[in-house]
Amino acid sequence: MNFLEQLTAEWYGYHKKCFTRTNVHFGRRTNGGYKGEMDVIAYNPQTDEFIHIETSVDADSWEKRKTKFQRKFRDAKEYYIEVFPFKTRNMKPTQIAIVGFNQTRDEHISFGENIQIIHIPAFVKEITEILKLKDPQRDAVPEGYPLLRAIQYSSFYNRD
């Protein structure tokens, strides 16, 4: 698991109150291996929302990314019910791709109408904007979220 997958799982668990799993294999092949892997899946029992998140720090073109993410989400879709058997077969998960570094030039990019794109800088900014307001001495991020805790300390003690 890379840092972005870990950070995503921590954020969805801590802030968005979801149960999360990472690196979920699906589609076991008879000759060994799997058809694919979901980076992060999250379930919020309060809202009954199921979220499938794919992350990437690659430098591929947007066209290559689009093809890759469309395939990842399409391949995983038929296995969602195995991951969350208590859900209905007609569930409509939120599909999110956290990618890229250039958020201004590429705002018009789309991976498809059902795939939400979040740029890495925007994702990190969302996290730091919230955590910089939480005093680690009074409201520390639990130690089970080590990346978020490091961001909390860094952003709180380096506020402008």
Would you confirm whether or not segment 130-151 contains a residue that is of a type outside the set (Asp, Glu), in a helix (DSSP H, G or I), closer than 15 Å to residue 16 by Cβ and without any contact (Cβ under 8 Å) to a residue 40 or more places away in the chain? yes
Scanning segment 78-92 residue by residue, those farther than 13 Å from residue 43 by Cβ and at pLDDT below 75 turn out to be 88, 89, 90
Close pairs from segment 30-50: first among the aliphatic types (A, V, I, L, M), partner part of a loop (DSSP other than H, G, I, E, B) and buried (at least 19 other Cβ atoms within 10 Å of the Cβ), Cβ under 6 Å, at least 6 apart: 42/18
Regarding residue 135, is this residue loosely packed, with under 12 Cβ neighbours inside 10 Å and modelled with pLDDT of 95 or more? yes
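For segment 5-29, which residues satisfy the criterion of being charged (D, E, K, R) and touching a residue at least 12 places away in the same chain (Cβ under 8 Å)? Give the steps one after another, and end with the answer.
So the first thing to find is which residues in segment 5-29 are charged (D, E, K, R), and the list is 5, 10, 16-17, 21, 28-29.
Scanning segment 5-29 gives 5, 10, 16, 17, 21.
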Restricting to segment 108-132, and then to whatever is surrounded by 14 or more Cβ atoms within 10 Å (Cβ to Cβ) and either modelled with pLDDT of 95 or more or touching an Asp or Glu at 6+ places or on another chain (Cβ under 7 Å) (or both), can you tell me which residue is farthest from residue 6 (Cα to Cα)? 132
Test each condition in (1) in contact with a Phe, Trp or Tyr (Cβ under 7 Å, 6 or more places away or on another chain); (2) touching a residue at least 40 places away in the same chain (Cβ under 8 Å) for residue 57 and report the one that comes out false. (1)
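The values are calculated or read from the model by the stated rules, or taken from the named source; none is laboratory data. The model shown is predicted, which means the values in this text are computed figures rather than measured ones. Ideal geometry is used to build each Cβ from the backbone, glycine not excepted, and the neighbour counts take in all protein chains shown.
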